Amino acid sequence: MPKSKRDKKVSLTKTAKKGLELKQKLIEELRKCVDTYTNLFIFSVANMRNNKLKDIRTAWKHSRFFFGKNKVMMIALGKGETDEYKDNLHKICKYLRGEVGVLFTNKTKEEVQEYFDHFKEMDYARAGNHAQMDITLDEGPLEQFSHSMEPQLRQLGLPTALKKGVVTLLKDYDVCKEGDVLTPEQARILKLLGIEMAEFKVQIKCMWNSETGAFEKFAGEDESTQDNEDNNSSDDVE
């Protein structure tokens, strides 16, 4: 009887070796960028959305972005003075905490800051985000919804019923209050209503210049808060 493909055993040694090779390749890519580009910036992302980060990458094809794998990036750049790839690069690593990325570019500090200061886009909030305003629905018809949506709205907690084929709210309903930590149900209701509350934005935290080895921390950044953030384990690296 032929063996089933499902019975094929995968060598853990091979998978570990492949993972090690990928990490080594990333380290080499990062160090190549250090040698190629003038400036290195660490940036953080609020309300991360992959499609919006992709838009930035498209607009900045002249530069390189790396997002995720913070621990590997630390190894590539150097955690301390004794193992840093170039002078003062270890200072950058203090900021590789949480949801952050690395930008390599030949653009100046002023050009980078101006672009990201103005790049802010709204999107739908997700569970765990904070409500930015009070949203209350008044009793009466919800004509923006088809009759087939009524059971879903009821499942989400809205006091609805069908009246003459029209989705109707039986009483006033508070969807959220400003400052609330949104539940999955609240986030879904806001999306169905077309209300965007999450602002995607990028903040530049610090920079390093390859020509001078100079490191600069930007205003408002506190190293002590960086050390308290968890390392981001995102696999979105490029």
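No value in this document is a laboratory result; all are computed from the given coordinates. Predicted model, so just to flag it, every value in this text is computed and none were measured. So basically every Cβ, Gly included, is an ideal-geometry build from the backbone, and we count neighbours across all protein chains shown.
Considering only Cα-Cα distances, which of the following residue pairs are longer than 24 Å: LYS18/LYS71; LYS86/LYS205; LYS71/LYS107; LYS54/LYS79; LYS107/LYS201; LYS61/LYS109?
Details: LYS18/LYS71 17 Å; LYS86/LYS205 19 Å; LYS71/LYS107 26 Å; LYS54/LYS79 29 Å; LYS107/LYS201 19 Å; LYS61/LYS109 17 Å.
From LYS18/LYS71; LYS86/LYS205; LYS71/LYS107; LYS54/LYS79; LYS107/LYS201; LYS61/LYS109, over 24 Å: LYS71/LYS107; LYS54/LYS79.
Peptides 119-125, 70-76, ordered by how many other C-beta atoms sit within 10 Å of their residues on average, highest first, read 70-76, 119-125.
By the scheme Lys and Arg +1, Asp and Glu -1, what is the net charge of all other residues having a beta-carbon under 9 Å from that of MET122?
On the way: positive: LYS120; negative: GLU121, ASP123, GLU196, GLU199.
Value of the local net charge: -3.
Of the GluC sites (Glu not before Pro) found in segment 36-115, the ones in coil according to DSSP and having at most 15 other Cβ atoms within 10 Å of their Cβ are GLU81.
Find out how many positive minus negative residues lie around THR160, taking Lys and Arg as positive, Asp and Glu as negative, among other residues whose Cβ is under 11 Å from that of THR160.
Details: positive: ARG154, LYS163, LYS171; negative: GLU139, GLU150.
Overall, the nearby charge balance is +1.
Here is the list for segment 130-185: trypsin sites (Lys or Arg not before Pro) lying in DSSP coil, each with at most 13 other C-beta atoms within 10 angstrom of its C-beta, are LYS164, LYS171, LYS177.
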